[in-house]
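For reference, the structure is listed below as structure tokens.
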Amino acid sequence: MSALIEFRDVCKYYVMGDTTVKAADHINLKIEKGEFVAIVGQSGSGKSTCMNIIGCLDVPTSGEYYLDGQNVGQMHKDQLAEIRNRMLGFIFQQYNLLPKLDLLENVEVPLMYAGVSRTERRQRATEALERVGLGDKLRHKPTELSGGQQQRVSIARALVGKPFVILADEPTGALDSRTGREVLAMLQQLHKEGNTIVLITHDNSIAAQAERIIRLEDGRVVYDGDAHAPEATVHPKEGGAV
Ligand SMILES: Nc1ncnc2c1ncn2[C@@H]1O[C@H](COP(=O)(O)OP(=O)(O)OP(=O)(O)O)[C@@H](O)[C@H]1O
Ligand SMILES: [Mg+2]
């Protein structure tokens, strides 16, 4: 059986005048259904590049990307949008909620794109918001909530379409440490329930919440394994454990 996510020699190059930036440099990786993986690395190491490819927001310059056995790496925009909507749920650092819409409407957005009927949308969005503890705020606007609560809305929105993969890019980056821990606990709970989670972070202590760490440096994988092995938290450039 093939992996849920598979990169085969994935490269992403940006040509800037005379120089070529290798944002992803021959990356090979496989993520199986139900895994909780953190992609870590310092600023500029290629984390967002990988996230954009995994999330079908961008395609590799060369190499192949298979999502659930389909070669999505070379698809065109419309096909990518369809796959993205059907298979992926996103959580971003800045929540990306729509300020004019209430919580229910925000969470319904992916279902609207998926063509789900109004009644079913309402029901599923209500359930998703109840699940993240916001069942009493369905008609509030995002600006009436705390940062942690807004991030919970974005988790509800990521979940509501029953995605194959939940992709979280620095989901705790804008939160204080206690609220950040609550959001991470929620991701762990979703993992226990069988969801596949890919968490992108530059922070080792956050990455340690996952079961597996993929560490990037200059667009290359320099570690891929158990999140709790001693070598998982070594910065190769600094040569010491954190
Ligand atoms: N659109 C672009 N055009 C040119 N270079 C880019 C572009 N996007 C990314 N890069 C370069 O590719 C490399 C990897 O960038 P990427 O955004 O993936 O890093 P990152 O690990 O997400 O960093 P951060 O932690 O700062 O978000 C960097 O050197 C960056 O400057
Ligand atoms: Mg980034």
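The values are calculated or read from the model by the stated rules, or taken from the named source; none is laboratory data. Only a predicted model underlies this, so the values are computations on that prediction, with no experimental measurement involved. As a convention, Cβ positions derive from the backbone with ideal geometry for all residues, glycine included, and neighbour counts pool all protein chains shown.
What to note about this one:
- Count of the range 187-224 residues, restricted to those that are away from ligand 1 (no atom under 15 Å from the Cβ) and in contact with a helix residue (DSSP H, G or I) (Cβ under 6 Å, 6 or more places away or on another chain), is 2.
- If you go through the range 171-182 and keep only what is surrounded by fewer than 22 Cβ atoms within 10 Å (Cβ to Cβ) and of a type outside the set (Lys, Arg), you end up with Gly173, Ala174, Leu175, Asp176, Ser177, Thr179, Gly180, Glu182.
- When every residue of the range 16-28 is checked against the conditions, none turns out to be crowded, with 21+ Cβ neighbours inside 10 Å, out of contact with any Asp or Glu (no Cβ under 6 Å at 6 or more places or on another chain) and under 18 Å from Phe90 (Cβ atoms).
- Qualifying position, being crowded, with 20+ Cβ neighbours inside 10 Å, farther than 28 Å from Leu111 by Cβ and among the small types (Gly, Ala, Ser), among Ala158, Ala168, Ala207: Ala207
- When Leu57, Leu29, Leu67, Leu4 are screened for being at negative phi and more than 15 Å from the chain's Cα centre (by Cα), only Leu29 passes.
- Among residues that are surrounded by fewer than 22 Cβ atoms within 10 Å (Cβ to Cβ) and within 16 Å of ligand 2 (Cβ to nearest atom), Met87 is not included.
- In the range 22-30 there is no residue matching the filter, namely being at pLDDT below 95, within 16 Å of ligand 2 (Cβ to nearest atom) and within 19 Å of Leu167 (Cβ to Cβ).
Results for (1) free of Cβ contacts under 8 Å to residues at least 12 places away in the same chain; (2) within 16 Å of ligand 1 (Cβ to nearest atom), shown as yes or no for each residue.
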| site | (1), (2) |
| --- | --- |
| Leu29 | no, yes |
| Lys33 | no, no |
| Phe36 | no, no |
| Lys47 | no, yes |
| Cys50 | no, yes |
| Ile54 | no, yes |
| Asp58 | no, yes |
| Leu67 | no, no |
| His76 | yes, no |
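Residue-by-condition table, conditions (1) within 16 Å of ligand 2 (Cβ to nearest atom); (2) assigned to a helix (DSSP H, G or I); (3) within 14 Å of the chain's Cα centre (by Cα); (4) surrounded by fewer than 15 Cβ atoms within 10 Å (Cβ to Cβ):
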position	(1), (2), (3), (4)
Ser48	yes, yes, yes, no
Gly63	no, no, no, no
Gln74	no, no, no, yes
Ile83	no, yes, no, no
Leu97	no, no, no, no
Val107	no, yes, no, no
Gly135	no, no, no, yes
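- Cross-chain or 6+ apart pairs with Cβ under 9 Å, the range 163-183 first and without any contact (Cβ under 8 Å) to a residue 60 or more places away in the chain, then in a loop (DSSP other than H, G, I, E, B) and crowded, with 22+ Cβ neighbours inside 10 Å: Thr179/Thr172; Gly180/Pro171; Gly180/Thr172; Arg181/Thr172; Val183/Pro171; Val183/Thr172
- Candidates Ser2, Ser43: the one that is in contact (Cβ under 8 Å) with a residue 60 or more places away in the chain, closer than 23 Å to Asn204 by Cβ and outside any strand (DSSP E or B) is Ser43.
- The residues in the range 144-172 that are within 16 Å of ligand 2 (Cβ to nearest atom) and either in a strand (DSSP E or B) or within 21 Å of Glu32 (Cα to Cα) (or both) can be counted, and the count is 3.
- Filtering the range 181-191 for residues that are within 16 Å of ligand 2 (Cβ to nearest atom), at pLDDT below 95, in contact with a Gly (Cβ under 9 Å, 6 or more places away or on another chain) and outside any loop (DSSP other than H, G, I, E, B) leaves an empty set.
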